[in-house]
Amino acid sequence: MILGLFEQVEVVHAFYDGFSRFVSIHSGIGLGGVIVQGRVGVHDIDLQPDGQILLATETGIYRVDANGNPPSAIVTGDFRGVSAIDNSDFLAVSADGTVQIHDSVGEIVGGSQESRGGQVQSILEIGDNQTLVVGRSGTGDFFVRRYRPSGIIDTNFGVDGETVLSVQSGIDVAYRAALQADGKILVAGYSQV
């Protein structure tokens with residue numbers, strides 16, 4: 001994966017580089033702007049208020065400091081989403097749909113302790129510190145779940161906090177969500193016939 005902070009457009013971007021490396025290309029980070037980390041695929045990224053970068057990967061949640069030192073693992077596991085709450089706490093969404101709030105050293109301090117099933121693909125922070133989680137349900141359909149700031153599912157959303165949509169007769173996977181100005185949720189994904 002590559003992590004790059006592009007000053008010209010003020011965006012942090014992470015993607016797999018095909019060579020099983022974690023690389024930062026911001027000249028102010030690491031040695032000449034390059035950090036190399038073993039084979040890790042990044043699924044999500046967020047910034048803490050203090051400038052530290054949180055990465056959700058298939059091997060855990062990692063933190064990269066503002067100086068670009070090699071990433072340190074905070075929590076191990078297969079994660080699809082991370083959302084900074086403050087300079088220490090963060091919300092983490094595992095691939096199986098478990099949503100937990102962790103402190104700076106990875107201890108669980110809140111959230112749902114059980115999986116809702118299926119496979120999470122991504123998360124989207126929405127107003128009032130709520131989080132949308134999208135992916136493939138246990139029945140092979142799109143799902144969208146909404147979580148409260150505490151990491152507990154919001155049962156006022158959909159049916160018991162979840163909306164499931166069968167797009168085709170085969171497997172349907174929601175990959176990303178966006179929130180329109182009118183509050184409607186757009187979901188993009190893949191469907192197999």
Per the C-alpha gyration tensor (a ≥ b ≥ c, the square roots of its eigenvalues), the stretch 76-135 is rounded if a/c is under 1.5, else prolate if a/b beats b/c, else oblate; here it's oblate
Between the stretch 78-105 and the stretch 127-193, what's the alpha-carbon centroid distance in Å?
-> 18 Å
Is the stretch 76-193 best put as rounded, prolate or oblate by its Cα gyration tensor, with a ≥ b ≥ c the root eigenvalues, rounded for a/c under 1.5, and otherwise prolate when a/b is larger than b/c, oblate when not?
-> prolate
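Since every read-out is calculated from the coordinates, none of them should be taken as a lab result. Note that the structure is a prediction, hence the values are computed from the model and not measured.
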